[in-house]
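One structure below.
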Amino acid sequence: FLLLVEDPSRPLHAVTVFDGLVSLASTTLTLNLNLTNPVSAPAVGGLAFYALEGDRLLPTVAVNDGPCAAEEFIEVDGDVSPGAAGVCLQDDDNPLGNIFNSTINVAPAAVTPGCDALAQNNFNCCLGDGLCDVTGVDIDNFDISNALVPGADRLRVTLGTGLDRIALAAVVVGVDVFEPVLNLDSQYRVFEAADSEPRRIDDAIIRVGSDVIYSLAVSNTGNVPARQVRVTLPAPVNSLGFSATSTPPGASISATSTGGTYGNGQVVVSGFDVAAGEIAEVRVRAQLGCEPPRRTLTAQAVISSVELLPFTVLAPTLTVGGPGVRSCAGLDPDGPFKLPPEPRDLRGGAATCNSGIGSWILGAWVALAIWRRQRGAASLMLLACVVVSGACGKEHDRTATLDAPDLAIVDVSSLPGEPCGNALRVYVTHADGSRFCIDRFEAGHTGTTLGNPQQSATDEERATDGSTQAAATITLGLPPAANISWYQAKALCENAGKRLCARAEWERACRGPDALIYPYGDTIDDHACQGFFAYPALTPEVTGSLSTCGSAFGVYDLSGNLEEWVADSVPRVPGTTVQNDRQVRGGSYKSNSNALACVGDEFHEAPGSADSDRGFRCCSDGAL
């Protein structure tokens, strides 16, 4: 039984697992790991195994021509070079020739008096803490980093037992990789078109003759950009027209009126990249006919990139109902597309709604899955799907839009947390009792000269050059400052008598005393903060818009709206010593659940860069 536990602070990990039971004697077992993206530089990886072993002592000298020149061995070949040997694993407890050695025993056996295992070739001799002809348990973990080759995309592990008999139960091999991941979180959503904003289709019913907006959210939960992404969107069944209305920057569009899954056309959008932690959206518009051949409307999309093979994403299935709209206004409301009647109870001659509609349990299942963001361990996911009917049958709410509800903060004096000098700043306490002050909200600035975005590019740790004259401010009801470089953010905070927050400070303010993954809890809530799936307006909300997006310390918009610079340096290439990037935290209105979390070491940018979804906030050692 393997339990893989998600750890969002770990780098992306590729894992292969042997989780069967095999008896090995005078034979070998080979495990292969093929990587979509290369091993990190420098290489980082580990191997763990669990085995039952009779512990027949084998010689430590070379006895054959095998990879490790011993009978009992584990060889790791990180580049799978033909004809080249890998690295033979060994340590104090698992030396060469006795890699499986019953290190967890019920009791050690005595050494056979006068027994010289090597001289007599008597492998039943017992030396050290081993057991003689008694099955023991061996659980061990190895750092295999020195056996890996940065940039390699394959890994082979070979296990040999010689004359000993091993009951091998599990082997887990994992390496850090640079990899985009699109197939975990990409989603195909559907809206009813409207004169202004699309209307959410909550009850899966669409009127005959309507226009439908399909939104394909290509979500990258990996740690490097997905390059040259390509999406193919066949026109849904029942549609008469199908065209792209919104595509990512730099994308190419190709549309046809024939072909596709149902022969009624398709749209291909290609050539765009998706940054790690972000979502690129493709929107297409489908027009329904007045006499569609099917009662249900289905659609799918196919996504691929330079790194990833094509995979399919399905859209929610819609029920086509009447009466129609526009040119279908004359459709018989009692015809073939009549909506189902509302369920009612008749009591005393009056029609009343039955509030006791039951629920349907569709199923529950348990999935043992390997979660890719952790080192040699794992995730047990219990997935239970329960669908509960509404209290009454009702017509689709055609007035519902995707606008955010009014959750604005109007009274800062009533906010949680201990004010630090004024109500726009708050104290945050570390676990050791020390504390600092942080701005409750993302910062704006005074509007004077911002200075050179690259002002310290020639000397990354030097103080800013004085070209920034503006100072950081906080103003409720106005958008926070975006398109700010790290150098400008640093200078803006210093000009206000503050400083950029350290990563540890920012994360403490976000996670709170309970070390939550998101400011409000451990599970993503798409509508608590402004990530991509919150509301359709892909622009930052004004300061203080979301009272639901606060941490336990009373700090707001740490997740979503704008991603935020922090002070810490980070290597552009993990493992190198060149500290030429700065970390960003919290994600933005473009972000998926990975980037919206309070932790995640893979998010960093060049300090002189700026983006429309990136801002900052300030900290200080005490009240000003």
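Here's how it looks for D273: its modeled amide H is under 5 Å from those of Q228, V229, which are all 5 or more places away or on a different chain. For the pair T28 and T245 in one chain, pulling the backbone fully straight at 0.36 nm per residue adds 72.4 nm over the alpha carbon distance. Only protein atoms count toward the accessible area here, which uses a 1.4 Å probe; on region 512-591, the carbon and sulfur part of that area reaches 55 percent.
With a cut-off of 13 Å between beta carbons, the residues surrounding G521 carry a summed charge of -3, where Lys and Arg count +1 and Asp and Glu -1. Other residues whose C-beta falls under 12 angstrom from the C-beta of V80 contribute a net charge of -2, scoring Lys and Arg +1 and Asp and Glu -1. Taking other residues whose beta carbon is less than 12 angstrom from the beta carbon of F441, and scoring Lys, Arg as +1 and Asp, Glu as -1, yields -2.
Residue ranges 215-228, 15-28 sort as 215-228, 15-28 when ordered by packing (mean number of other C-beta atoms within 10 Å per residue, highest first). Using the alpha-carbon centroid of each, what span in Å lies between region 166-188 and region 466-496? Result: 41 Å between the Cα centres.
The values are calculated or read from the model by the stated rules, or taken from the named source; none is laboratory data. Since the model is a prediction, treat every value here as computed from it, not as a measurement. Note that each Cβ is placed from the backbone with ideal geometry, even for glycine, and that neighbours are counted across all protein chains shown. What goes into the accessible areas is simple: the full protein's heavy atoms, side chains included, and nothing from ligands, DNA or RNA. Shrake-Rupley method; radii C 1.70, N 1.55, O 1.52, S 1.80 Å.
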